[in-house]
1. Suppose R0 equals 41 Å. What FRET efficiency, 1/(1 + (r/R0)^6) with r the Cβ-Cβ distance, do residue A:190 and residue A:394 give to the nearest 0.05?
2. Hey, could you get me the Stokes-Einstein D for the stretch A:200-276, Kirkwood radius over alpha-carbon pairs, 4 °C and 1.567 mPa s, rounded to whole µm² s⁻¹?
3. Sort all Cα-Cα distances of the stretch B:316-450 into consecutive 5 angstrom bins from zero, then give the percent of pairs in each bin up to the one containing the longest distance.
4. Compute log10 of I(q)/I(0) for the stretch B:239-343 with the Debye formula, placing one identical point scatterer on every Cα and leaving out solvent, at q = 0.21, 0.23 Å⁻¹, to two decimals.
5. With 10 Å bins from zero, work out the P(r) of the stretch B:1-89 over every alpha carbon pair and list the percent per bin.
6. Compute from the Cα atoms of the stretch A:126-240 the Rg and the Dmax, the latter being the longest Cα-Cα distance, and quote both in angstrom.
7. Note the direction-averaged projected area, equal to a quarter of the hull surface, for the Cα convex hull of the stretch B:1-52, in nm².
8. Could you order the peptides A:521-533, A:425-437, B:412-424 from most to least packed, using the average number of other C-beta atoms within 10 Å per residue?
């Protein structure tokens, strides 16, 4: 999408205040810029306009011109040009900026319209807020409070519709709560490209349902839950788990692929309850894949590593670090370092420093998956570009650690430092693993941790702060949402202390203290501080890596460089 | 036999003994001569004739046909479609079906002339699902006309070609709304489109410029092409030219369908002379003049009509001329020409209950006010009729209707609220009395207007 040029700005007047907006801007967005809220249900900034809820009705007028002379008609009282107000209200969502356009959002007529729509939406609504999962983030609740009549005039029987319909494996529908805004239908068709939802029956008996024989099971189905303005669509995973007003929101990044979808992690007292997308118009708009929402489950997985191990015995971190340093130093120049495209930029920087201190070659594990053209790319590492930018690697990684395997077979490598990567999953055989001594820093138990001489427990992305560089070379940070398991130190501290233990330089042990070193040493990050990374990310100069052949196809806001 | 007060143009052959809907009969009566003549003329000339005629659309809104044709986007390079709105579904309206059933070739000739005038290559007749017989008649007639070179390639041996397709609806009132019709024709739910920007003249069928005309309107085009726009404008009254088809149902001695010069006879003469007045021993109580959605008139109501010269006319219902503007001046509309008459035996609460049931059933459900409001109004009147009326219900009904009209995607909002608004406004005493009188509950399904 191209940004409109400044010359395309059109001045409109909302409640007497002027604002210049780009051509094509609708009045809900224009009013938002002035801090004026125009309530709505069906309108969504990232979907086509349906105009069906009628909550955004406003008064509209145009500057008056004499039809004969084309001269402005002046109002003698105010000395300003007269405005011809239309007798009927119009929907703000489908009223786009036009020269001389005036709207009024707070008149008796507008208030009456909103009261009317609110009343209509509530007469057949079950009003089951006490047991509704949407409570606390429900547009009906919010707008009933702000714009409703405050009492009911409805004494008839309410309509009865299906309750607890499982639309797909992850989405539950309560048709009685549905306000028929069609956001979910439009999302499925327009964004997920899976035209599976629709209405059947008509009038007030209209009912949302799946196409016969189909289910809402695409990997974006839970976005319908996010955009449902009411409690009609709820997440099977999240429903009845926690009241949303108890949850703390922390900005994070989806680690599933190089797209770097912006997310919000919702937690209470150290426990994560759900992950939802965080709007970033340059990356993921307001969407995220369903698969990324489940990643929080790794935090409390049964095979989580929570204590350091040395020689198969539980050890203090200090003892384990000393044992690791001893192994690494004693291996002379037969050490290899396996870093990770899942590690943050700062961790990759320290991993590179470790490799340098140990004079060891370093690889990262390439991870490929199917791209869906939306928000999952073929590069399933969130931070391959971080490894390039920090200098941990020079070339794009392959899927298998072929060079390392050959070096082990040849006896050139006797000791491997594996950071956040399972070597067995990355292609090393059990025999090769048995041949080397392994120091493993990781979050979960696996074949590598089982074979390792030293195990250093690590934190998941939800338990630490850091930054990834996505496929657009956009530096995006994530922040600690919940504390890690008791006794597990921050990965940066573990790596920094290991670096000192093997004779390397002393560097910062937190993102804030480490970043000055990154900024000083890495040209692309010059003058960047961790705190200074904006919420929407920071585009970096990608030119130094323009020659590399990244394999990703197009995604929502990413076009691969033209093949040369 | 037509009534002497009638002037039959469109209905010339309706119910004529020996007249049949086949091509041979139509040709014996001089059929398709106007089409033959018209395709020899420059298309723009035909459009001018229609403009000169002052023809107003007969579907209900009375929009100038020539102006509608003028608004069509002819510069986009996209094909122009013509859609014949044969979804005649406004309760009280039964005129188009007689054209379709008894004189289908008159319609086809009107369609082809209109298509030729507007450079249309494909026309669709959207006929309501409840007219299966009419659809078959049209299919047969189109096949006959195609075989005789009046439809299809090289019409009348010339260079112009145009196809007509019949498309049957599935039984929804909203498909009579032109953009709902277009959605339905495209194979979608007939949710009316938002105007602006989706005016059919610019973004109609398949987002191409589209003309949607009523069956009767297109038949008038045939006669305009025949006698010329100027001569046609001489029929009827200024601004309400030509003849109008009127259907009268309800409590009159002789209900039926008629054709009059617009504005030349009054509602009083229609009901008393043509239709024979009220049934024995009864009195007229109320009239819905232009299809069920038009606002009801009280028979003892007086209408003060301001004239341009400043004088004020004092009309009763019987003084209202049968044309668009006079009904509009009386606060209602001529609409589709469906006159529904109710006598003093009718209870207006029950009658409104019937109408509200219809509109609640037919609301498409797209936008909130109509979807929820129409059903709410139905539930209120149904409850009243079931013996649980409250004194405040009339006021509540009107307020609900006020929350619908003017706030919806399409004119259905007005269509479903005008009956309630006008019934309660004009017969408020009856709504109060209904609540105050103890009565046996009546099943609402058993209620009918007649």
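FYI, it's all coordinate maths here, none of it is from the lab. What you see is a predicted model; the values in this text were computed from it and never measured. Positions of Cβ are backbone-derived with ideal geometry, glycine not excepted, and every protein chain shown enters the neighbour counts.
1. On the way: r = 41 Å, r/R0 = 1.00.
E(calc), rounded to 0.05, equals 0.50.
2. Answer, rounded: 87 µm²/s.
3. 2, 10, 19, 21, 20, 15, 9, 3, 0
4. Computed log10 I(q)/I(0) values: -1.09, -1.30.
5. Bin by bin from 0 Å, the calculated values are 12, 30, 41, 15, 3.
6. Cα-based Rg and Dmax for the stretch A:126-240 come out at 14.3, 43 Å.
7. Approximately 5.1 nm², given one-decimal rounding.
8. So the order, starting with the most tightly packed, is B:412-424, A:425-437, A:521-533.
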